[in-house]
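Only one structure is covered here, and it is reproduced in the block below.
The values are calculated or read from the model by the stated rules, or taken from the named source; none is laboratory data. Note that the structure is a prediction, hence the values are computed from the model and not measured. Ideal geometry is used to build each Cβ from the backbone, glycine not excepted, and the neighbour counts take in all protein chains shown.
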Amino acid sequence: MANVPHLEFEHDIVEIQGQIDKLLDLADRKGIDVSAEVVVLREKLQLLEEQTYESLRPIEQVQVARHPLRPYTLDYVERVFTDWIEIHGDRAFRDDEAIVGGWARLAGRSVMLIGHQKGRDMKENLRRNFGMPHPEGYRKALRLMRQAEKFRRPVITLIDTPGAYPGIGAEERGQAEAIATNLREMARLRTPLVSVVIGEGGSGGALALGVTDRILMLEHSIYSVISPEGCAAILWRSAEHREKAAEALRLTSANLKDLGVCDQIVLEPPGGAHSDWDGAARNLGAALVRVLDELVLLPVDQLLTQRWAKYESIGAWREE
């Protein structure tokens, strides 16, 4: 994608991409055949991207998960789903645009899709509240989940938020109650539930869409009880220790797969999802189809039993 802001650790990648762009520009202006040189450089670029992204440190994973051109929920709607019909409002206060939701089809199957939505520029970010929902956003999400349960359709949630909005108005309207109600109701919703962390999975604001039968994470997404900056500010009294906090929080997809929180890691294209939206969408769509094909075959009571068992086992340990 053009005009992608580059991260510090991508310096060598940017350099090779610049060489490719210069050669292509020269070919356009001078009519010179540079195809052989471009092929060599592109092979070198792909190898470098693979090597770089295979060895990211946790704090670098955080940077990728927050990349401003990483695809958001509505970008995946365009590429993975069809027949999207957005539904608005919580039927109590207002429509919170930090969460979008509605009916869609995935490979011909009718599903309820719900996800956090950030903005691309300041105007849209103000409208979307930077992807940080108010309580009415979570109440809208729960309303849609119950509608899916009524019609016996699966629910897919796409998680990408720094956290629930902590403003005074949100707290006055019952932010904690709205999140807690979602946790309780999702645990007993009588229909298949799948969640995917596509970027940031921040605290209770993410968990309110995350109590599901299967938790998937994109390869370079993060899922944590607190941000590295917030953790560092509490433990070390300075956000400068965010790298140490990112290590300690074990917030990467690989960490959470090892801990049994994440059920499946969805691979991203070389260079991250922000470098190839279509490739990321293909991988996500294929993963969702496979998971839903498995879940829809289970009787509802068995689904609920397994869901409860999944969360009861998280965080358990045995002392020798």
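Within the range 92-117, the set of residues being more than 20 Å from Leu193 (Cβ to Cβ) and in contact (Cβ under 8 Å) with a residue 60 or more places away in the chain comprises Phe93, Ala98. Quick check: is even one residue across the range 251-274 surrounded by 14 or more Cβ atoms within 10 Å (Cβ to Cβ), of a type in the set (S, T, N, Q) and assigned to a helix (DSSP H, G or I)? Looking for residues that are surrounded by 14 or more Cβ atoms within 10 Å (Cβ to Cβ), of a type in the set (S, T, N, Q) and assigned to a helix (DSSP H, G or I), one finds at least one in the range 251-274, hence yes. Evaluating Ser110 against the criteria (1) outside any helix (DSSP H, G or I); (2) polar (S, T, N, Q); (3) buried (at least 16 other Cβ atoms within 10 Å of the Cβ) leaves one unmet condition, (3).
Filtered by the rule that a residue be in contact with a helix residue (DSSP H, G or I) (Cβ under 9 Å, 6 or more places away or on another chain), part of a helix (DSSP H, G or I) and more than 29 Å from Met217 (Cβ to Cβ), the range 17-41 gives Gln19, Ile20, Leu23, Leu24, Ala27, Ser35, Glu37, Val38, Leu41.
Cβ-Cβ distances below 9 Å connect the following pairs, each with a first residue in the range 286-307 that is free of Cβ contacts under 8 Å to residues at least 24 places away in the same chain, a second residue that is of a type in the set (S, T, N, Q), and a separation of six or more residues or different chains: Arg290/Gln264. The range 115-219 holds strands (runs of 3 or more DSSP E) entirely within its bounds, and those carrying 1 or more residues that are under 24 Å from Leu69 (Cβ atoms) and of a type in the set (S, T, N, Q) map to 155-161, 193-202.
Of the residues making up the range 48-77, those that are under 20 Å from Ala287 (Cα atoms), touching a residue at least 40 places away in the same chain (Cβ under 8 Å) and part of a helix (DSSP H, G or I) number 5. Of the numbered criteria (1) in contact with a strand residue (DSSP E or B) (Cβ under 9 Å, 6 or more places away or on another chain); (2) within 18 Å of Arg66 (Cα to Cα), the one Glu243 fails is (1). Quick one: is Glu97 within 19 Å of Gly131 (Cβ to Cβ), of a type outside the set (Val, Ile, Thr) and outside any helix (DSSP H, G or I)? When the stated conditions are applied, Glu97 passes them.
All of Arg188, Arg173, Arg237, Arg152 fail the test of being assigned by TED's automatic domain parsing to the domain that holds Asn283, of a type in the set (D, E, K, R), surrounded by 16 or more Cβ atoms within 10 Å (Cβ to Cβ) and more than 16 Å from Val100 (Cβ to Cβ), apart from Arg173. For Gly89, state whether it is farther than 17 Å from Asp160 by Cβ, outside any helix (DSSP H, G or I), touching a residue at least 40 places away in the same chain (Cβ under 8 Å) and small (Gly, Ala, Ser). When the stated conditions are applied, Gly89 passes them.
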